[in-house]
Amino acid sequence: MPLVPTASIVDAARAARVGAAAFNVIHLETAEALVTAAERTGHPLILQLSENCIRYHGSLLPITRATLALAEESTAPIAVHLDHITETELVHRGITAGVASVMVDASALPYEQNVTTTATLTAWCHERGAYVEAELGEVGGKDGVHAPGVRTDPGEALAFVRATGVDALAVAVGSSHAMRERTAELDKDLITALRRTLPVPLVLHGSSGVPDDELRRAIAAGMTKINISTHLVSVFTSSIRRTLDADPALIDSRKYVKPAREAVAQEAARLLEVLSTPVTVPTPQTVEATVRG
Ligand SMILES: [Zn+2]
């Protein structure tokens, strides 16, 4: 199975009312672990490269080409996506390099400028067949979909989607970035209202802080693309810490990175099953969400 477009994974997931898993690549070993998870489960996966990840590697092309190559050689359907991109130049270079989609993050700009910047980049991407995600938290809110307590208003979101032409929208429904504990509760009524109002798939950022059952309830209520980064990074780092604590004399870095890569592969595979399986054994909350949705 070659590299596939992000749109095909997200559209199929939305139609089937399952989650489209989007996990962040931090470095080559996490990309390898994530591809292994997709191959073991047979579920499609979106690999995301954030602007922070690109900065960590010093430039866009090496990590992007390596990730694209892993996707091309994989036996599972894999898409490659750029996450939280604020620099126009990176959007241009990423799409030119073969990435299928980008999350344009103009949320730090005042609302009118956010709309203009997002609309201009979306038009540029659409001319090249690329897919665009954007975010809308609170109009005028500084941290977009990631500010705790912020909620996206369905009417404002519809106006934003119409004004920009974006293909998917990240919305604020109760999660926030970089949560270390999986305790967040999401606003399922708002998810249902957004799903009914918006013509595009909904994206959940900050999903690391959301427990499995709550993710499934959010998907049942209408959420589609589920972004997970921090949780998998913490699995990687915990494994390395355990290995080094157990053997302080260890020098060969492959001997502590390899088990960490396997730990991420296992947890990513487990999450892929959680997100990709339709909700068939309803809990009281999912019955409610299904009836409403
Ligand atoms: Zn995010």
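The values are calculated or read from the model by the stated rules, or taken from the named source; none is laboratory data. Fair warning: this is a prediction, and the values are worked out from it, not measured in the lab. Cβ placement follows ideal geometry from the backbone for every residue including glycine, while neighbour counts extend to all protein chains displayed. All accessible areas refer to the heavy atoms of the entire protein, side chains included, with ligands and DNA or RNA removed. Shrake-Rupley method; radii C 1.70, N 1.55, O 1.52, S 1.80 Å.
Residues in the range 110-128 that are modelled with pLDDT of 95 or more and outside any helix (DSSP H, G or I): R128 only. Within the range 138-150, does at least one residue satisfy the condition of being within 16 Å of the ligand (Cβ to nearest atom), surrounded by fewer than 19 Cβ atoms within 10 Å (Cβ to Cβ), more than 13 Å from S107 (Cβ to Cβ) and at pLDDT below 90? Scanning the range 138-150 turns up at least one residue that is within 16 Å of the ligand (Cβ to nearest atom), surrounded by fewer than 19 Cβ atoms within 10 Å (Cβ to Cβ), more than 13 Å from S107 (Cβ to Cβ) and at pLDDT below 90.
Only residues that are at negative phi and open to solvent by 50 Å² or more (accessible area, probe 1.4 Å) were counted in the range 12-25, giving 4.
I'm trying to understand the selection: among the residues of the range 195-210, which are open to solvent by less than 40 Å² (accessible area, probe 1.4 Å) and either within 18 Å of the chain's Cα centre (by Cα) or of a type in the set (S, T, Y) (or both)? V200, P201, L202, V203, L204, H205, G206, S207, S208, G209, V210, listed by residue number. Confirm whether I251 is over 15 Å from L34 (Cβ atoms), in contact with a Lys or Arg (Cβ under 8 Å, 6 or more places away or on another chain) and either open to solvent by less than 20 Å² (accessible area, probe 1.4 Å) or away from the ligand (no atom under 16 Å from the Cβ) (or both). No, not satisfied.
Applying a threshold of 9 Å to beta carbon distances and a minimum spacing of six or more residues, or different chains, the list of pairs starting in the range 212-236 at a residue that is on the phi > 0 side of the Ramachandran plot and among the hydrophobic types (A, V, I, L, M, F, W, C) and ending at one that is open to solvent by 30 Å² or more (accessible area, probe 1.4 Å) and part of a helix (DSSP H, G or I) is empty. Please work out which residue is nearest to the ligand (Cβ to nearest atom), limiting yourself to the range 64-92 and to residues that are open to solvent by less than 10 Å² (accessible area, probe 1.4 Å) and either among the β-branched types (V, I, T) or free of Cβ contacts under 8 Å to residues at least 12 places away in the same chain (or both). Applying the filter and picking the extreme gives I85. Here is a check on your reading of the model: is S107 touching a Leu at 6+ places or on another chain (Cβ under 8 Å) and either more than 23 Å from V25 (Cα to Cα) or at pLDDT below 95 (or both)? Judged against the criteria, S107 is a match. One residue stands out among those in the range 169-191 that are surrounded by fewer than 21 Cβ atoms within 10 Å (Cβ to Cβ) and either outside any loop (DSSP other than H, G, I, E, B) or of a type in the set (S, T, Y) (or both): the one that is farthest from the ligand (Cβ to nearest atom), which is D189. Residue count for the range 219-231, restricted to those that are part of a helix (DSSP H, G or I), hydrophobic (A, V, I, L, M, F, W, C) and under 17 Å from the mean Cα position of the chain (by Cα): 1.
Quick check on Y56: is it open to solvent by 50 Å² or more (accessible area, probe 1.4 Å) and at pLDDT below 95? Judged against the criteria, Y56 is not a match. Residues of the range 194-218 that are within 19 Å of E133 (Cα to Cα), more than 16 Å from the ligand (Cβ to nearest atom) and not in a loop (DSSP other than H, G, I, E, B): L194, R195, R196, T197. If you go through the range 34-57 and keep only what is within 16 Å of the ligand (Cβ to nearest atom) and β-branched (V, I, T), you end up with I46, I54. Within the range 93-121, if we keep just the residues that are open to solvent by 70 Å² or more (accessible area, probe 1.4 Å) and under 23 Å from L3 (Cβ atoms), the residue that is nearest to the ligand (Cβ to nearest atom) turns out to be R93. With respect to T237, is the statement that it is assigned to a loop (DSSP other than H, G, I, E, B) and among the hydroxyl-bearing types (S, T, Y) true? No; evaluated as a whole, the condition is false for this residue.
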